[in-house]
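Structure first, then comments.
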Amino acid sequence: MKKALVCGAGGFIGGHLVNRLKSEGYWVRGVDIKENEYDNNNSDEFVIGDLRDPLVASKVVTADLDEIYQLAADMGGAGFVFTGTNDAAIMHNSVLCNLNILEAAKDKGVRRIFYSSSACMYPEYNQMDPNNPKCSEESAYPAAPDSEYGWEKLFSERLFLAYQKNHGIEARIARFHNIFGPQGTWDGGREKAPAAVCRKVAMAEDGGSIEIWGDGQQTRSFLIVDECVDGIRRLMNSDFSGPVNLGSEEMISLNDFAKMVIDISGKNLTINNIPGPLGVRGRNSDNHLIQEKLGWAPSTPLRKGVEKTYDWITEQVQKKVLVPVEA
Ligand code: NAD
Ligand code: GDD
């Protein structure tokens, strides 16, 4: 039986990944600073621990592990990473997790490690035209990410590759492009656009309006979490290190995305574009390399993923509204 460690198992993608590994027959240890809020605690062993502490990393990384999946990071959507107010914490916290996990893996002789990078590491200068963004893997340099979150991801990609070069670690690196789905953060300030828009639509009165940050012409692509987890497993089982994009190529403007969610809801709502943290003007995954190296690329239509996410968020909103407030 293969043994895996999932760092960030209390989070969105980590929780789904634990379920996937269990369904494949793995023994799984999860680690996170918090429990998984949405019943995804299906690891065989779940350790509550802070990976900024090297002693915690050295405790959870044991010599009997076949694989490590490093997804623990201080992360969020535009309202968290693009305001500037969390920059020092994001860089400090995430880089310490990466350093400690790699050092422990080197010491314990665990070879294969997956690292979750982000499309936020691509240069801003290639993402100014909403209709024609460039995010092919080789366009990463000269580097000019638009956020400190993106700079940390770029540095950490290089860190994993340096451990591969000097310490025999087999790194597998994917650059995620806006992953969404059930069990993802949907309120509280760290939620990304797909969940935020589903929440706003679910909470709106029929005949009312929802707020969308910016002019709504900015573009993104959104990937359903099931395909993200599938891509992680395919990359891990391949002999290709990456970095490689893991995202959808179905680019859409934010206003068109909001219209899609409104249509799914069956409500009659108008869109009110307001100022907010924006990030890059346009972004889309480029899947040529993943198709070439893995013979596979994500293919689920956006609307299919949004339908099930909207249903799940509607349930969460109803649960929250129905919970009686203590006097
Ligand atoms: P998430 O916030 O749901 O999960 C990250 C988990 O890491 C959280 O549960 C958090 O508690 C944990 N964590 C943070 N600091 C920790 C620490 N010091 N010790 C232990 N655990 C700690 O986010 P997610 O969407 O599941 O993202 C997973 C990974 O994928 C992250 O590295 C993120 O940067 C990357 N990523 C995600 C997206 C996306 O769209 N979701 C896009 C690009 C990259
Ligand atoms: N979060 C959010 N909430 N974004 C909104 C909203 C809202 O209510 N309304 C409009 N937007 C717009 C943002 O202004 C931004 O232009 C766009 O929707 C996408 O926002 P996010 O989904 O929050 O983030 P992102 O795509 O810019 O970046 C995310 O994806 C990266 C990977 O592709 C972040 O989660 C990054 O941390 C991640 O690495």
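For the chain, DSSP calls about 5 percent of its internal beta bridges antiparallel. Phi-derived couplings, Karplus 6.51 cos²θ - 1.76 cosθ + 1.60 at θ = phi - 60°, listed residue by residue for segment 58-72: 6, 6, 7, 8, 10, 5, 7, 6, 8, 9, 10, 10, 9, 10, 6 Hz, with x used for Gly and Pro.
Taking Cβ atoms as reference points and 12 Å as the exclusive limit, the residues near residue 275 contribute a net charge of -2, counting Lys and Arg as +1 and Asp and Glu as -1. The residues of segment 119-171 have, on average, 46 Å² of accessible surface per residue, using a 1.4 Å probe with all protein chains present.
Net length available on complete extension from residue 320 to residue 215 is 34.8 nm, with 0.36 nm assigned per residue and the Cα-Cα distance removed.
Of 41, 284, 166, the residue with the greatest mean-square motion in the GNM of the chain, using alpha carbon springs below 10 Å, is 166. Each of 95, 5, 65 was scored by the projection of its Cα onto the charge dipole of the chain, and the greatest displacement toward the positive side belongs to 65; charges sit on the C-beta of Lys, Arg, Asp and Glu. When segment 152-217 is described by a simple charge dipole with +1 on each Lys and Arg Cβ and -1 on each Asp and Glu Cβ, the residue from 210, 154, 194 located farthest towards its positive end is 154. For residue 187, put the label point 7 Å out on the Cα→Cβ axis and report which residues of segment 2-46 keep their amide N under 16 Å from it. The answer is 37-38, whose backbone nitrogens lie closer than 16 Å to the label point. Straight Cα distances below 19 angstrom link residue 34 to the lysines 59, with same-chain residues fewer than 8 positions distant left out.
Take the convex hull of the alpha carbons in the chain; its mean projected area over all directions comes to 17.0 nm². Backbone amide hydrogens, once placed in the peptide plane, bring residue 116 within less than 5 Å of 70, excluding anything fewer than 5 places away on its chain. Taking amide H atoms as placed 1.01 Å from N in the peptide plane, the amide H of residue 146 lies under 5 Å from those of 124, each 5 or more residues away in sequence or on another chain. Surface composition of segment 193-245: carbon plus sulfur atoms hold 44% of the accessible area, using a 1.4 angstrom probe and ignoring ligands, DNA and RNA. Solvent-accessible area per residue in segment 41-111 equals 42 Å², computed with a 1.4 angstrom probe and all protein chains kept. Of the beta bridges in segment 125-277, as assigned by DSSP with both residues counted there, near 15 percent are antiparallel.
Projected onto the charge dipole of the chain (+1 at Lys/Arg Cβ, -1 at Asp/Glu Cβ, origin at the Cα centre), which of 169, 248, 229 gives the Cα projection farthest towards the positive end? Positive-most Cα among the choices belongs to 169. Summary of packing: across the peptides 171-180, 43-52, the per-residue average of other C-beta atoms within 10 Å ranks them, highest first, as 171-180, 43-52. Shown here: segment 40-156, whose C-alpha atoms stretch 48, 30, 26 Å along the first, second and third principal axes, sorted largest to smallest. Legend: P(r) of segment 79-224 from all alpha carbon pair distances, 10 Å bins from 0, whole percents, reading 10, 32, 34, 17, 6, 1, 0.
Between residue 50 and residue 230, the FRET efficiency estimated from the beta carbon spacing at R0 = 30 angstrom works out to 0.50.
Ligands, DNA and RNA left out, the 1.4 Å accessible surface of segment 34-189 is 51% carbon and sulfur atoms.
The convex hull of the Cα atoms of segment 24-101, projected and averaged over all directions, covers 6.2 nm². Counting charges near residue 91 (Lys, Arg +1; Asp, Glu -1) among other residues having Cβ under 9 Å from its Cβ returns a value of -4.
Relative to the Cα centre, what is the charge dipole magnitude of segment 175-327, using +1 at the beta carbon of each Lys and Arg, -1 at the beta carbon of each Asp and Glu, and rounding to the nearest 20 debye?
Dipole magnitude for segment 175-327 comes out near 220 debye.
Note on the chain: with charges restricted to the Cβ of Lys and Arg (+1) and Asp and Glu (-1), its dipole about the Cα centre is near 480 debye. Share of carbon and sulfur in the accessible area of segment 253-327 stands at 53%, probe radius 1.4 Å.
For segment 188-327, the per residue solvent-accessible surface stands at 48 Å², with DNA, RNA and ligands left out and a 1.4 Å probe.
In the structure shown, the pairs 153/308; 259/308; 153/192; 106/192; 134/259; 200/320 are assessed against 23 Å; a Cα-Cα span above that value is assigned to 153/308; 106/192; 134/259.
The values are calculated or read from the model by the stated rules, or taken from the named source; none is laboratory data. Quick caveat: nothing in here was measured; it's all calculated off a predicted structure. Note that we place each Cβ from the backbone using ideal geometry, even for glycine, and neighbour counts take in every protein chain shown. Note: accessible area is taken over every heavy atom of the protein model, side chains too, but ligands, DNA and RNA are not part of it. Shrake-Rupley method; radii C 1.70, N 1.55, O 1.52, S 1.80 Å.
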